[in-house]
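Read the structure below first, then the notes.
The numbers here are math on the coordinates, done by the rules we state, and not lab data. The shown structure was predicted, so the numbers you read here are calculated from the model rather than taken from an experiment. No Cβ is skipped: glycine too gets one built from the backbone with ideal geometry, and neighbour counts run over all protein chains shown.
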Amino acid sequence: MPFTLGPRAASIGYRLAAFDRIGSTNAEALSHAREGERGPMWFVTSEQTAGRGRRHRPWIAPRGNLASSILEVLQVGPAIAATLGFAAGLALERALHRLSIEAVLRAPVSDDLKFSLKWPNDVLAGGQKLAGILLEAETVGAGLAVVVGIGTNVVAAPADTPTPATSLKAVGIEVSAEELFAALSDGWAEFRGIWDNGRGFGEIRKLWLARAAGLGQAVAIRSGGDSVLGTFDTIDEQGCMIVRTDTGKQVPITAGDVYFGSAASMGRTDGR
Ligand code: BTN
């Protein structure tokens, strides 16, 4: 089955470049942007051999997983563009929700399977990492080329990750990368529309918080050698995670590895 756009995405003019195998869909999208492509255009594959993850980690997608990147050239600054990651999480969650309902009709899936969104940009299934999102941006002649890369574990998940990972197959949802992509492209069209070049981030933030993992729980954020410990309060209007420390101070976090619950105390590096 070939990759195709969903009906909603196709009807509003999205385009698609699909590859049997490629190094990185993000790198491919950025190289098209440098050559004048303005998007919106998807770059997809079900086998990625030199994928990039956040914090300079590799993200390899073995055959059968979905690596997808959407390119758009925007007239917004990088801080606003960064909030697109929350729309991407919502788009994937919407697609997964739709496909899991269809999968349940075909075969039983665990009743308590729940998808949630983990700050900044992960999608979890049953509390384990199912998908990661990497935003990359570069200034080109026509504006800011923004690439939102979404990697989803469809048939396989890596074993050696800082937090446990899973795949759709492992949680009992038998779909193909191609089926997932069609649903994702429609989900993206919907939430990209709500985001509206950043003007709709207030609404995206509300929808995201309603699906957030770990709200109100103990959290540790590690970045380099530093850690911040406290309770996950909310995300602010810029998409920063707001952590309330035990002195009651609210600390905005812009980046880092996030650990919740008991893993939060294991994530301590401050010796306390
Ligand atoms: C993360 O580290 O959690 C983010 C992973 C993002 C991986 C995706 S797969 C599609 C796109 N192409 C890449 O090279 N990376 C992103």
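Computed over the chain, the alpha-carbon pair-distance distribution with 10 angstrom bins reads 7, 30, 37, 21, 5, 0, each value a whole percent.
Centre-to-centre, using Cα atoms only, segment 1-73 and segment 186-243 are separated by 24 Å.
Among A210, A131, A18, which one shows the biggest mean-square fluctuation in a GNM of the chain, springs joining Cα atoms closer than 10 Å? Result for the chain, Cα springs under 10 Å: A210 fluctuates most. With a Cα cut-off of under 16 Å and a minimum spacing of 8 residues unless on different chains, the lysine pairs in the chain number 5. The distance between label points at R55 and D196 comes to 3.5 nm (points 7 Å beyond Cα on the Cα→Cβ vector). A dipole drawn for the chain from +1 and -1 charges on Cβ atoms has a positive end, and of V73, I253, A142 the residue lying farthest that way is I253. Per-residue extension of 0.36 nm, minus the Cα-Cα distance of D233 and A10, leaves a gain of 76.4 nm for this segment. Computed from the Kirkwood radius of its Cα pairs, the Stokes-Einstein diffusion coefficient for segment 67-204 at 20 °C and 1.002 mPa s stands at 138 µm²/s.
Per-residue 3J(HN,Hα) values for segment 222-228, derived from phi via the Karplus relation 6.51 cos²θ - 1.76 cosθ + 1.60 with θ = phi - 60°, read 10, 9, x, x, 9, 9, 10 Hz in sequence order (x marks Gly and Pro). Derived scalar couplings between HN and Hα for segment 174-191 equal 8, 10, 9, 4, 5, 4, 4, 4, 4, 5, 5, 5, 6, x, 4, 4, 5, 7 Hz in order, rounded to whole Hz, by the Karplus curve 6.51 cos²θ - 1.76 cosθ + 1.60 (θ = phi - 60°), x for Gly and Pro. Working note: Cα atoms of segment 174-272, range along each principal axis, descending, whole Å: 48, 35, 23.
Tell me whether segment 146-203 comes out rounded, prolate or oblate; compute the Cα gyration tensor, take square roots of the eigenvalues as a ≥ b ≥ c, and use a/c under 1.5 as the rounded threshold.
Taking the square roots of the gyration eigenvalues as a ≥ b ≥ c, segment 146-203 is prolate.
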